[in-house]
Each structure stands twice: as C-alpha cells, then as structure tokens.
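First up is the structure itself, then whatever we jot down about it.
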Amino acid sequence: MLSDVRLSLPRWVADEVGDPEKRYVTSIDRMRLAVRLAERNVAEETGGPFGACIFESETGILVGAGVNVVVAESCSVAHAEAMSIMIAQQSRQAFDLGARGSPRMDLVTSAQPCAQCFGMIWWSGVSGLVIGARREDVEALTGFREGPLPRDWAARLENRAPLAPVRVERDCLRDQACEVLRRYREAGGALYHPGSARG
Ligand SMILES: [Zn+2]
C-alpha cells in the first residue's frame, strides 16, 4: 500500500507563470493569468479547462498556481483550485493561509468552484475569492456538473462568524473564461466525472 501522495502540474506551467517577482495588482491582472492557465491546459491537452491562482491580497505576489490535472494524475480531487491551494500551503508551509501575522491571500479561479472546492476554500484560510465563469456557464458550455453547492454559497463564505469572511467577486473576465470552456468542448475534451472512465 502507498503511504504518500504526490501531485504534479504540467511542466509548461512554470514557463507560463514566468517571473516570480511579478506583481499582479488588480483582479483583472490576476484573472488574466488564471484564464491563461486554463487556456493553455486545453491547448496542451494536459487536463480540463480550468486554471486558478493564489495571490497575496495586498502585494499581488503569486503564491501558488494550478490547473486541472484529474486525468493525468489519477486523482478526482486535483481540480485547479485544489492544486493552487495545496501548492500555496506547501510553499508557505502553512495549513492556514489566513494565519495571524501572515499576509492575506486571495484565490482567483477561472470558473466558479464546484462542491468540493467550495469546501476546500472554506478550510484553506483564503480571505478572498475571485471568479471568472459562472457555474451555469460551466454546466452549459462543457457538460460538467458542479455538485450540490449550497444555494447561498457566496453569502455563506462572506458571513461565517466566528471564522473570518471570504470576500467573493464574480464575473471577472467572464467572457474570456467562457471562451476557454467553449474551446474545450469544441476540441472534444473529456468529461471525467464519476462513471465516465473505463476500468
Ligand atoms: Zn472543483
């Protein structure tokens, strides 16, 4: 039996991210990178049409990037948001990205988080969430199903005393994010939901 888990991003991600000193100042700057990662994941055929990044809220420093690698890594949890959260936490050696005395962090994702990623965001310690495409875009344009999210998921993140709130910003570069979803479907990209794979 295995006793550890290793998950890797495609090699091209490091090139795409480039200069580690770069500051991503606005939500649009940050989303541009998340969408670009999603777009390249489709073009390189390395996974689903999703990209996500974690940034320090104030400085705009990139702390973690992720793309969907569910199929390549044989791992149903390896969504873009999950990869970016895990990489940010490992890189800062912190299970809590909202730890007192540490810089606040935001998750910027090309598409609305699914049921799993909603839970991961809840426990991650991020202070903000910026979203490109909406859930209905993902479902209509790709055929993926996003799972049983609470109807009031955004309000639950924003009002969760005694835990610190997670601010939610939606529709950031929504059209560009939707274009990537459309392209994935047109390219015949796989739907890797449960029951879709051959044993
Ligand atoms: Zn997800």
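The values are calculated or read from the model by the stated rules, or taken from the named source; none is laboratory data. From a predicted model like this one, the values you see are computed outputs, not experimental measurements. When we count neighbours, we look across all protein chains shown, and the Cβ atoms used for this are built from the backbone with ideal geometry, even at glycine. These accessible areas exclude ligands, DNA and RNA; they are computed on the full protein's heavy atoms, side chains included. Shrake-Rupley method; radii C 1.70, N 1.55, O 1.52, S 1.80 Å.
Residue-by-condition table, conditions (1) aromatic (Phe, Trp, Tyr); (2) farther than 13 Å from THR109 by Cα; (3) part of a loop (DSSP other than H, G, I, E, B); (4) open to solvent by less than 50 Å² (accessible area, probe 1.4 Å):
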site: VAL42; (1), (2), (3), (4): no, yes, no, yes
site: GLY47; (1), (2), (3), (4): no, yes, yes, yes
site: PHE55; (1), (2), (3), (4): yes, no, no, yes
site: GLU73; (1), (2), (3), (4): no, yes, yes, no
site: VAL77; (1), (2), (3), (4): no, yes, yes, no
site: MET86; (1), (2), (3), (4): no, yes, no, no
site: GLN89; (1), (2), (3), (4): no, yes, no, yes
query: If you go through segment 128-142 one residue at a time, do you hit one that is touching a residue at least 24 places away in the same chain (Cβ under 8 Å), open to solvent by less than 20 Å² (accessible area, probe 1.4 Å), in contact with a helix residue (DSSP H, G or I) (Cβ under 9 Å, 6 or more places away or on another chain) and part of a loop (DSSP other than H, G, I, E, B)?
result: no
- prompt: How many residues does segment 91-112 contain that are under 18 Å from ARG32 (Cα atoms) and either open to solvent by less than 10 Å² (accessible area, probe 1.4 Å) or among the charged types (D, E, K, R) (or both)?
  reply: 7
task: Among the residues of segment 58-71, write down those that are more than 14 Å from the ligand (Cβ to nearest atom), open to solvent by less than 20 Å² (accessible area, probe 1.4 Å) and in a loop (DSSP other than H, G, I, E, B).
output: GLY60
- request: Answer with yes or no whether PHE118 is part of a loop (DSSP other than H, G, I, E, B), of a type in the set (A, V, I, L, M, F, W, C) and more than 21 Å from LEU33 (Cβ to Cβ).
  value: no
- prompt: Only one residue in ARG11, ARG32 is closer than 24 Å to VAL168 by Cβ and open to solvent by 70 Å² or more (accessible area, probe 1.4 Å). Which one?
  reply: ARG32
